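The values are calculated or read from the model by the stated rules, or taken from the named source; none is laboratory data. Everything numeric here is computed off the predicted structure, so don't read it as measured data. Backbone-built Cβ (ideal geometry, glycine too); neighbour counts: all protein chains shown. Only protein heavy atoms, including side chains, enter the accessible area calculation; ligands, DNA and RNA are left aside. Shrake-Rupley method; radii C 1.70, N 1.55, O 1.52, S 1.80 Å.
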Amino acid sequence: MIYLIALALIGGVCLLIFMLREAFADRIIYKELSFPEFPESFGEVKLFFISDIHKRTVSETIIGEIKEKKPDLVIIGGDLLEKGVPFERVKKNLMGLKECGPVYFVWGNNDYEVDYHQLDALLLECGVKILDNTALSFESNEGERFILMGTDDLSKDRDRLDLVLKDAGSGGFRVLVSHDPRIINSIKKEQNIHLVLSGHTHGGQIHIFGFSPYEKGQRKVLPQTTILISNGYGTTGVPLRLGAKPETHFITLNKG
């Protein structure tokens, strides 16, 4: 009996160590996404998407690899931090990401746990563009448009997709960044939002016997849009993961 208890304790400790190591792993998922509507004159657009950083420091490994890939846009999908995270760490993360390319940010629910006015000032100081129910349009020499859109946090009832669409105008290839993937319930096919980037769920973070409140991050092709939901980079609550590895995404968009 004592032998079995000892084995159980050893197994439990090993599992905790494994879950802790999983939580702090560095992973970049490379995806090429082709759309028939993508403007051919752009050739391709390369995005680095990172969501749910929370308490983590973005590793030099990630920064170094992404710098070499030279993304056109670096996108933070919300939950850059949470309560208790020092702003010095946040600034270090922002400046590291800025080395990779121009940085864009949408608000997540945990970003509002801190003095968000101070966070807003830090983002502006670091030269980060905030997409809070706004859109940015990039135009090729041939006059075709690539539009990056972002909503404020849905769980705080701050999202205004109507304002985003108004700001975007008509036409163009549209990528919407929303921290909370439930934004898809507000999207209609005729709005021509081609891709949605989200996080928030952490891919369930901990799956017990394959079960978790949330499914693992994935790409879904829906009738109204395509959505990529990320497992996220950090953790919330306990710094542990099981069955939902941390991830960042390097996405190449092209015509196909």
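Data overview
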read-out	value
For the range 64-188: Kirkwood Rh in Å [reciprocal of mean 1/r, alpha carbons]	15.3 Å
Cut-off under 5 Å, modelled amide H: who pairs with Val177 long-range	Met149, Gly150, Thr151, Leu197
In the range 161-194, trypsin sites (Lys or Arg not before Pro) in a DSSP loop with at most 13 other beta-carbon atoms within 10 Å	Lys188
Label of the coordinate-derived value, Cα extents along the principal axes in Å, listed as (i) 73, 55, 29; (ii) 75, 39, 38; (iii) 56, 43, 34	(ii)
Placed amide H near Thr248: partners under 5 Å, 5+ positions off or other chain	Arg27, Ile28, Ile29
Rounded percent of accessible protein surface that carbon and sulfur make up, the chain, 1.4 Å probe	55 percent
Rounded accessible area per residue of the range 80-190, 1.4 Å, Å²	47 Å²
Beta bridges by DSSP in the range 97-252, antiparallel share as percent, to the nearest 5	40 percent
Neighbour net charge for Leu47 - beta-carbon separation under 12 angstrom, K R +1, D E -1	+1
Rounded if a/c under 1.5, otherwise prolate or oblate - the range 1-150, Cα gyration tensor axes	prolate
Cross-link reach list, lysines versus Lys55, counting only Cα pairs under 19 Å and skipping chain neighbours closer than eight places	Lys83, Lys91, Lys92, Lys98, Lys245
Gaussian network model of the chain, springs between alpha carbon atoms under 10 Å - residue of Gly217, Gly43, Gly12 with greatest fluctuation	Gly12
Low-density loop cleavage sites - trypsin sites (Lys or Arg not before Pro) in the range 49-113, where at most 11 other Cβ are within 10 Å (DSSP)	Lys83
For Gly78, distant residues with modelled amide H under 5 Å away	Asp52, Val106
Longest exposed-site-free window of the chain, the sites being GluC sites (Glu not before Pro) in a DSSP loop that have at most 15 other C-beta atoms within 10 Å	143-214
Whole-Hz ³J(HN,Hα) from phi, Karplus 6.51 cos²θ - 1.76 cosθ + 1.60, for the range 175-192, glycine and proline x	10, 10, 10, 9, 4, 9, x, 5, 4, 4, 5, 9, 8, 10, 4, 5, 7, 6
Selection of trypsin sites (Lys or Arg not before Pro), the range 1-43, meeting DSSP coil and at most 14 other Cβ within 10 Å	Arg27
Between 0 and 90°, nearest 10: helix 87-98 axis offset from the chain longest Cα axis	50 degrees
Rounded to whole Hz, the Karplus (6.51, -1.76, 1.60) HN-Hα couplings of the range 11-28, x for glycine and proline	x, x, 5, 4, 5, 4, 5, 4, 5, 5, 5, 4, 5, 10, 6, 10, 8, 10
